[in-house]
Amino acid sequence: MTCFLGVDIGTYQTKGVLVDESGTILAEARRDHDMIVPRPGWAEHRAEEDWWGDFVHVTRAVLAQSGIPAEEIAAVACSAIGPCMLPVDTQGAPLMNGVLYGVDTRAAAEIDELTARIGADTILARCGNALTSQSVGPKILWLRRTHPEIWEKTATIHTSTSFLVHRLTGEIVIDHYTAANTSPLYDVATQDWTFDLAGDICEPRHLPRLLWSGEIAGEVTEAAAEATGLAPGTPVTTGTIDAAAEAVSVGVRHAGDLMMMYGSTIFIIEVTDARVSDPRLWYAPWLAPGTHASMAGLATSGTLTHWFRDRFAQELPRDTAFPTLAAEAAASPPGANGLLLLPYFSGERTPIHDPLAKGALFGLDMTHTRGDIYRAILEGIAYGTAHVTETFAEAGAAPARILAVGGGVQNEVWLRATSDITGLTQIVCDKTVGASYGDAFLAACAVGAAEPGDIDRWNPPAREVPPEDHPAYATQFALFKKLYRDTKDIAHALKGS
């Protein structure tokens, strides 16, 4: 038997999956971890424990569960949250916790300074993206300025995936899709690192070698084999960010295909036939030469459901809390009995790019129930998602097909509200495992055991969720956007309070 291993590191959970050449899942494993929030606006992971430790755990678990000899794994691919920022020393040891993607807003001052110094138009033209909390470049500059003692020891700046690949193979590489998030250090025209825009951020020696996601980065070393149970010499791909692997898992590959990922954040990727240049969205080369992707993401989505469960449903058993809350939300009508929620609990990424935005629950009265509030949270996320899909259309990239994936698709209220509020039909595929399954497919493609089109056979569409018309949603979507505009000054004035 020929098998393929895919492992994905998420914000709160790591998943591993072992599949055969037909895409049949032979074994799955998961391991939870926490997102560390040492202060408001910061978000971190422990690279040794949460990234490498989880990889080792789930890999050994799927090997034990399947009973398949490690020698029968033809290739390994991994993905992880990103873009992240992790400085390591000459031995590859982390020098601090990994700084997470756009939910971490610590480099707001560096973003403003670099934008003013370089020019917003120049950054967009050269890098394909405005500088936002999603950008790694300002976070590296923040590190260099605020922690010179760490910077002095820094040999390489990793993201989460490149850190895993280095542990597995000893190679220091990063894929182009991830690298494009390192603005202003990546030039989308030359598809190479650039240092002429801001040479004071770091030096060329600090950044990994560029490869495409499906390229083989190296082979499992003896040390990595001993730790993970994999066979020495097993090919390992370059890997990518989790959202990209998630898109692959449901067949996003043609221009106009859009992935709607329901996870800790809503993340959206649309494959396009040319570069979309809009400061409200993100751009990156897709996973192979000559391909393009336009992206968007909310700062908090599934994280809000976790927050609500942990703060306001503590009496519910943890394993049944979410189904119970979903049932309570389903008992509340569309519009949540007049409640509106701004889901900006960690600022917001696209399309407003406002790290100082605040969460808000508006319209409360003495009749509202926990179910109303939980429904308002799900609808608030859906309104934020609709704001993004509206932006795609305004940018000339209205999607032709939407494929929904991620743990949140199990929440029918959330899934249905998103279709109804956006006015778009969503397709849910047979397997909703997500990024780890996409990783396994990328591993199969990397060694010639599958072609990109084979994903339609591996994971065919299972059902559609067409939109239904609810007058409350049309009214409240307009009020949602107005509520942000009308409270923006207040939110900004609350900074530091």
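The values are calculated or read from the model by the stated rules, or taken from the named source; none is laboratory data. Not measured: the values here are computed from a predicted model. Neighbour counts run over all protein chains shown; Cβ positions are idealised from the backbone, glycine included.
Quick check on my filter: what residues within the stretch 71-93 are of a type outside the set (Asp, Glu) and surrounded by fewer than 18 Cβ atoms within 10 Å (Cβ to Cβ)? Thr90, Gln91, Gly92, Ala93, listed by residue number. Screening the candidates Leu378, Leu403, Leu415, Leu361 for the property of being assigned by TED's automatic domain parsing to the domain that holds Phe308 and over 22 Å from the mean Cα position of the chain (by Cα) yields one hit, Leu361.
Scanning the stretch 425-449 for residues that are surrounded by fewer than 24 Cβ atoms within 10 Å (Cβ to Cβ) and in contact with a Leu (Cβ under 9 Å, 6 or more places away or on another chain) yields a count of 4. Annotation: Ser277 fulfils all but one of (1) outside any loop (DSSP other than H, G, I, E, B); (2) at pLDDT below 95; the unmet one is (1).
In the stretch 475-485, is there at least one residue being under 28 Å from Asp278 (Cα atoms), modelled with pLDDT of 95 or more, small (Gly, Ala, Ser) and exposed (fewer than 13 other Cβ atoms within 10 Å of the Cβ)? Yes - at least one qualifying residue is present in the stretch 475-485. Of all the residues that make up the stretch 289-336, how many are closer than 17 Å to Thr265 by Cβ and loosely packed, with under 12 Cβ neighbours inside 10 Å? Summing the residues that are closer than 17 Å to Thr265 by Cβ and loosely packed, with under 12 Cβ neighbours inside 10 Å in the stretch 289-336 gives 0.
From the set of residues in the stretch 292-330 that are in a helix (DSSP H, G or I) and of a type in the set (Asp, Glu), which is nearest to Ile373 (Cα to Cα)?
Filtering first and then ranking leaves Glu328.
A quick yes/no check of all residues on (1) surrounded by fewer than 24 Cβ atoms within 10 Å (Cβ to Cβ); (2) outside the structural domain of Leu63 (by TED's automatic domain parsing); (3) out of contact with any helix residue (DSSP H, G or I) (no Cβ under 8 Å at 6 or more places or on another chain):
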residue	(1), (2), (3)
Leu211	yes, no, no
Ala223	yes, no, yes
Thr228	no, no, no
Thr238	no, no, no
Met260	no, yes, no
Leu287	no, yes, no
